[in-house]
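Structure first, then comments.
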Amino acid sequence: MPHRDPPGILAPHIPADAYRRAEATGAPVVIVVQGSTHHGIPWQRALIPFAVVGAAALGTWGLVVALCALLDAVAHTATVIAGAAGPIGVGGITLKLTRSKH
């Protein structure tokens with residue numbers, strides 16, 4: 001962010017030896033202030049928030065995709081285990097977890 005002085009200050013700093021020399025001799029002190037030729041929107045100031053929001057959005061979508069892939073793998077694993085285990089019975093009640101293939 002560019003340095004800004006409060007209004008009413010002509011120069012941010014005059015070296016002490018130059019000031020004392022001018023004060024002792026009565027010579028004028030010339031202060032050169034370079035003006036800005038930049039007219040318009042400072043793009044860095046506008047693009048950084050968009051870049052941060054874009055990175056957050058892409059990260060969120062990546063997290064959603066990874067979670068969906070993980071849940072898909074868990075569902076396939078549970079199906080394979082249930083198919084290999086066969087029917088599960090507890091206290092005379094039998095639960096068939098998968099359909100037979102024929």
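Derivation of every value follows stated rules applied to the coordinates shown; laboratory data play no part. As the structure is a prediction and not an experimental result, all values here were calculated from the model. When we count neighbours, we look across all protein chains shown, and the Cβ atoms used for this are built from the backbone with ideal geometry, even at glycine.
Data overview
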| item | result |
| --- | --- |
| Inter-label distance, nm, simple model (7 Å from Cα along the C-beta direction), Ala75/Asp17 | 7.9 nm |
| Linear extension gain, Thr60 paired with Val32, 0.36 nm per residue minus alpha-carbon span | 5.0 nm |
